[in-house]
Amino acid sequence: MEFQKIKDRKTLYLIRQDLFNGEYVLTDHQNNFGKLTYDGLARETAEIGSYYGDWKLGYDFEPFGNAQIIIYDNTDLFLGEIIVGYNYLHQPPSLAMADGFTGIFSKTDLLSNTYQWKSNISGSLIHIKNALFSMTNTITVIDDDITEEKITLLSFLAQHLLILKGRRKQSSY
(Lines give C-alpha, C1' and ligand atoms only; values in the text may rest on other atoms or scores of the structure.)
Protein backbone atom coordinates (compact mmCIF):
# COMPACT_ATOMS: atom_id res chain seq x y z
CA MET A 1 0.00 0.00 0.00
CA GLU A 2 1.38 3.39 -0.95
CA PHE A 3 0.85 6.22 1.53
CA GLN A 4 0.27 9.89 0.80
CA LYS A 5 1.28 13.09 2.54
CA ILE A 6 -1.44 14.61 4.74
CA LYS A 7 -2.81 17.74 3.08
CA ASP A 8 -6.11 18.49 4.84
CA ARG A 9 -5.18 18.23 8.50
CA LYS A 10 -8.45 18.96 10.30
CA THR A 11 -10.32 15.63 10.27
CA LEU A 12 -8.87 12.17 9.68
CA TYR A 13 -10.19 8.67 10.29
CA LEU A 14 -8.69 5.52 11.73
CA ILE A 15 -10.51 2.61 10.13
CA ARG A 16 -10.25 -0.97 11.35
CA GLN A 17 -9.95 -3.11 8.24
CA ASP A 18 -12.12 -5.98 9.51
CA LEU A 19 -13.24 -7.59 12.76
CA PHE A 20 -10.54 -10.23 12.89
CA ASN A 21 -7.22 -8.84 11.70
CA GLY A 22 -5.16 -6.23 13.47
CA GLU A 23 -4.95 -3.54 10.82
CA TYR A 24 -5.96 0.10 11.11
CA VAL A 25 -5.60 2.63 8.28
CA LEU A 26 -5.30 6.40 8.76
CA THR A 27 -7.24 8.08 5.96
CA ASP A 28 -9.37 11.03 4.91
CA HIS A 29 -11.58 8.61 2.89
CA GLN A 30 -9.68 9.52 -0.30
CA ASN A 31 -6.00 9.02 0.57
CA ASN A 32 -4.26 6.65 2.95
CA PHE A 33 -1.58 8.14 5.19
CA GLY A 34 -0.44 5.13 7.19
CA LYS A 35 -1.28 1.73 8.60
CA LEU A 36 -1.01 0.14 12.05
CA THR A 37 -0.49 -3.63 11.91
CA TYR A 38 -0.35 -5.97 14.91
CA ASP A 39 2.02 -8.90 15.25
CA GLY A 40 -0.47 -11.36 16.70
CA LEU A 41 -3.56 -11.86 18.79
CA ALA A 42 -2.08 -10.32 21.95
CA ARG A 43 -1.90 -6.93 20.19
CA GLU A 44 0.96 -5.74 22.36
CA THR A 45 3.53 -5.19 19.61
CA ALA A 46 2.86 -3.51 16.30
CA GLU A 47 4.34 -1.89 13.23
CA ILE A 48 3.33 1.43 11.74
CA GLY A 49 3.99 2.28 8.11
CA SER A 50 3.38 5.81 6.82
CA TYR A 51 4.45 8.42 4.30
CA TYR A 52 6.56 9.94 7.09
CA GLY A 53 8.42 6.79 8.09
CA ASP A 54 8.04 3.45 9.77
CA TRP A 55 7.81 2.80 13.49
CA LYS A 56 7.70 -0.27 15.72
CA LEU A 57 5.87 -0.51 19.02
CA GLY A 58 7.31 -2.81 21.67
CA TYR A 59 5.74 -3.68 25.01
CA ASP A 60 7.17 -4.31 28.46
CA PHE A 61 5.25 -4.62 31.71
CA GLU A 62 5.59 -5.42 35.39
CA PRO A 63 2.76 -7.42 37.01
CA PHE A 64 0.69 -4.93 39.06
CA GLY A 65 3.07 -2.17 37.96
CA ASN A 66 3.61 0.10 35.01
CA ALA A 67 3.66 -0.96 31.40
CA GLN A 68 5.89 0.63 28.78
CA ILE A 69 5.20 1.00 25.11
CA ILE A 70 8.57 1.45 23.46
CA ILE A 71 8.75 3.28 20.12
CA TYR A 72 11.51 2.43 17.64
CA ASP A 73 12.20 3.36 14.05
CA ASN A 74 12.67 0.70 11.36
CA THR A 75 16.40 0.40 12.22
CA ASP A 76 15.57 -0.33 15.91
CA LEU A 77 16.69 3.13 17.04
CA PHE A 78 14.89 4.10 20.27
CA LEU A 79 12.57 7.08 19.62
CA GLY A 80 10.53 7.24 22.80
CA GLU A 81 8.26 5.50 25.26
CA ILE A 82 4.82 5.69 26.80
CA ILE A 83 4.45 4.85 30.47
CA VAL A 84 1.05 3.35 31.20
CA GLY A 85 0.25 3.16 34.92
CA TYR A 86 -1.44 0.05 36.28
CA ASN A 87 -4.40 2.16 37.42
CA TYR A 88 -5.31 3.83 34.11
CA LEU A 89 -7.86 6.20 35.70
CA HIS A 90 -5.50 7.88 38.16
CA GLN A 91 -2.35 8.07 36.06
CA PRO A 92 -2.89 8.81 32.37
CA PRO A 93 -0.38 7.41 29.89
CA SER A 94 2.56 9.76 29.36
CA LEU A 95 4.70 9.96 26.24
CA ALA A 96 8.36 11.01 26.27
CA MET A 97 10.15 11.14 22.91
CA ALA A 98 13.93 11.20 22.47
CA ASP A 99 13.59 14.53 20.62
CA GLY A 100 12.18 16.16 23.80
CA PHE A 101 8.48 16.05 22.85
CA THR A 102 6.20 15.01 25.73
CA GLY A 103 2.47 14.40 25.90
CA ILE A 104 -0.32 13.00 28.05
CA PHE A 105 -3.16 10.81 26.75
CA SER A 106 -6.49 11.26 28.54
CA LYS A 107 -10.23 11.65 28.13
CA THR A 108 -11.39 15.14 27.20
CA ASP A 109 -13.94 14.89 30.04
CA LEU A 110 -15.13 12.18 32.41
CA LEU A 111 -18.30 11.08 30.57
CA SER A 112 -16.95 11.41 27.04
CA ASN A 113 -15.71 8.74 24.65
CA THR A 114 -13.33 11.33 23.17
CA TYR A 115 -9.65 11.20 24.12
CA GLN A 116 -6.84 13.65 23.52
CA TRP A 117 -3.11 13.95 23.27
CA LYS A 118 -2.14 17.00 25.30
CA SER A 119 1.19 18.79 25.54
CA ASN A 120 2.31 20.74 28.60
CA ILE A 121 3.55 23.46 26.25
CA SER A 122 0.80 23.92 23.68
CA GLY A 123 -2.23 22.21 25.25
CA SER A 124 -4.53 19.90 23.31
CA LEU A 125 -2.94 18.51 20.12
CA ILE A 126 -5.42 16.02 18.68
CA HIS A 127 -8.73 14.45 19.73
CA ILE A 128 -9.74 10.88 18.92
CA LYS A 129 -13.42 9.97 19.16
CA ASN A 130 -13.55 6.30 20.09
CA ALA A 131 -16.68 5.05 18.34
CA LEU A 132 -18.00 2.16 20.45
CA PHE A 133 -20.05 0.32 17.82
CA SER A 134 -18.16 1.36 14.71
CA MET A 135 -14.92 0.36 13.02
CA THR A 136 -14.01 4.03 12.48
CA ASN A 137 -12.51 6.44 15.00
CA THR A 138 -12.43 10.13 14.12
CA ILE A 139 -9.24 12.17 14.60
CA THR A 140 -9.58 15.95 14.93
CA VAL A 141 -6.43 18.06 14.80
CA ILE A 142 -6.66 20.82 17.41
CA ASP A 143 -3.15 22.35 17.31
CA ASP A 144 -2.43 23.98 13.94
CA ASP A 145 1.32 23.94 14.62
CA ILE A 146 1.71 20.17 15.03
CA THR A 147 3.54 18.46 12.16
CA GLU A 148 1.87 15.90 9.91
CA GLU A 149 4.42 13.31 11.05
CA LYS A 150 3.45 13.90 14.71
CA ILE A 151 -0.27 13.77 13.80
CA THR A 152 0.30 10.37 12.18
CA LEU A 153 2.30 8.92 15.06
CA LEU A 154 0.01 10.29 17.79
CA SER A 155 -3.09 8.99 15.97
CA PHE A 156 -1.72 5.46 15.87
CA LEU A 157 -0.40 5.65 19.44
CA ALA A 158 -3.88 6.74 20.58
CA GLN A 159 -5.45 3.75 18.82
CA HIS A 160 -2.87 1.43 20.38
CA LEU A 161 -3.57 2.81 23.87
CA LEU A 162 -7.32 2.41 23.37
CA ILE A 163 -6.83 -1.24 22.39
CA LEU A 164 -4.63 -1.87 25.44
CA LYS A 165 -7.15 -0.09 27.68
CA GLY A 166 -9.96 -2.26 26.30
CA ARG A 167 -7.95 -5.40 26.95
CA ARG A 168 -7.20 -4.36 30.53
CA LYS A 169 -10.86 -3.63 31.13
CA GLN A 170 -11.87 -7.08 29.81
CA SER A 171 -9.33 -8.88 31.97
CA SER A 172 -10.00 -7.01 35.21
CA TYR A 173 -13.11 -8.70 36.52
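The values are calculated or read from the model by the stated rules, or taken from the named source; none is laboratory data. Quick caveat, the model's predicted, so the values are computed rather than measured. Methodologically, a virtual Cβ is constructed for each residue, glycine included, from the backbone with ideal geometry; neighbour enumeration extends over all protein chains shown. Heavy atoms of the whole protein, side chains included, go into the accessibility calculation; ligands, DNA and RNA do not. Shrake-Rupley method; radii C 1.70, N 1.55, O 1.52, S 1.80 Å.
Residues checked against (1) at pLDDT 95 or above; (2) surrounded by 15 or more Cβ atoms within 10 Å (Cβ to Cβ); (3) not acidic (D, E):
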| residue | (1), (2), (3) |
| --- | --- |
| T11 | yes, no, yes |
| G22 | no, yes, yes |
| V25 | yes, yes, yes |
| L57 | yes, yes, yes |
| G65 | no, no, yes |
| F78 | yes, no, yes |
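Restricting region 120-135 to residues that are at pLDDT 95 or above and open to solvent by less than 40 Å² (accessible area, probe 1.4 Å), the residue that is nearest to F101 (Cα to Cα) is L125. The condition of being touching a His at 6+ places or on another chain (Cβ under 8 Å) and either without any contact (Cβ under 8 Å) to a residue 24 or more places away in the chain or over 18 Å from I139 (Cα atoms) (or both) holds for only one of T102, T108, that being T108. Just one of the listed residues (Y59, Y13) is in contact (Cβ under 8 Å) with a residue 60 or more places away in the chain and not basic (K, R), namely Y13. Note down all Cβ pairs under 7 Å where the first residue falls in region 132-154 and is over 19 Å from N74 (Cβ atoms), the second is assigned to a loop (DSSP other than H, G, I, E, B) and small (G, A, S), and they're at least six residues apart or on different chains. Within 7 Å, the pairs are N137/A131; D143/S122; D145/S122. Among the residues of region 97-125, those identified as part of a loop (DSSP other than H, G, I, E, B) and of a type in the set (G, A, S) are A98, G100, S112, S122.
If you go through region 132-145 and keep only what is within 15 Å of D18 (Cα to Cα), within 16 Å of the chain's Cα centre (by Cα) and assigned to a loop (DSSP other than H, G, I, E, B), you end up with just M135. Evaluated against (1) surrounded by fewer than 17 Cβ atoms within 10 Å (Cβ to Cβ); (2) in a strand (DSSP E or B); (3) touching a residue at least 60 places away in the same chain (Cβ under 8 Å), E47 falls short on exactly one condition, (3).
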